[in-house]
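The values are calculated or read from the model by the stated rules, or taken from the named source; none is laboratory data. The structure displayed is predicted, hence computed values, not measured ones. Don't worry about glycine lacking a Cβ; one is built from the backbone with ideal geometry, like all the others, and counts go over all protein chains shown.
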Amino acid sequence: MDKTNWGLLSEGGANVRLPQNCLAGFVAETLSVDVTIPYQPGTMSLMSVFGWIIIHQNLGDNFSWLRAWANYKHGFGSIEGNFWLGLEKMSLLTSAQAYRLRSRSK
């Protein structure tokens, strides 16, 4: 199975705090970032590559994506492995400010 991931990039940059040197040398570096999701308490640690928040990651192993609707609504998996952020969290993020969606497949 192919590896895929989807990411969101904040057009205002207000929700993601990245180190100044994250683009140093143009080396793709996966960083853990704390993201504030509107109407949710605290922050949520997510993975980010070049400022893109990873909302879906399929590493192509034996992970079952056949899930109930509630799982897709609330999210599942691990940010270090196969992962789905959750439709509810994506809706809260994208209704608070503008984002761009990027899809990558290998």
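For (1) at pLDDT 65 or above; (2) in contact with a His (Cβ under 6 Å, 6 or more places away or on another chain); (3) surrounded by 14 or more Cβ atoms within 10 Å (Cβ to Cβ); (4) in a loop (DSSP other than H, G, I, E, B), each residue gets a yes or a no:
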position: GLY13; (1), (2), (3), (4): no, no, no, yes
position: VAL33; (1), (2), (3), (4): yes, no, yes, no
position: PRO38; (1), (2), (3), (4): yes, no, no, yes
position: SER48; (1), (2), (3), (4): yes, no, yes, no
position: ILE54; (1), (2), (3), (4): yes, no, yes, no
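Note on region 60-98: among residues that are in contact with a Gly (Cβ under 6 Å, 6 or more places away or on another chain) and part of a loop (DSSP other than H, G, I, E, B), the one that is surrounded by the most Cβ atoms within 10 Å (Cβ to Cβ) is LEU85. Scanning region 66-106 for residues that are free of Cβ contacts under 8 Å to residues at least 60 places away in the same chain and in contact with a strand residue (DSSP E or B) (Cβ under 7 Å, 6 or more places away or on another chain) returns ARG67, TYR72, GLY75, PHE76, GLY77, ILE79, ASN82, PHE83, TRP84, LEU85.
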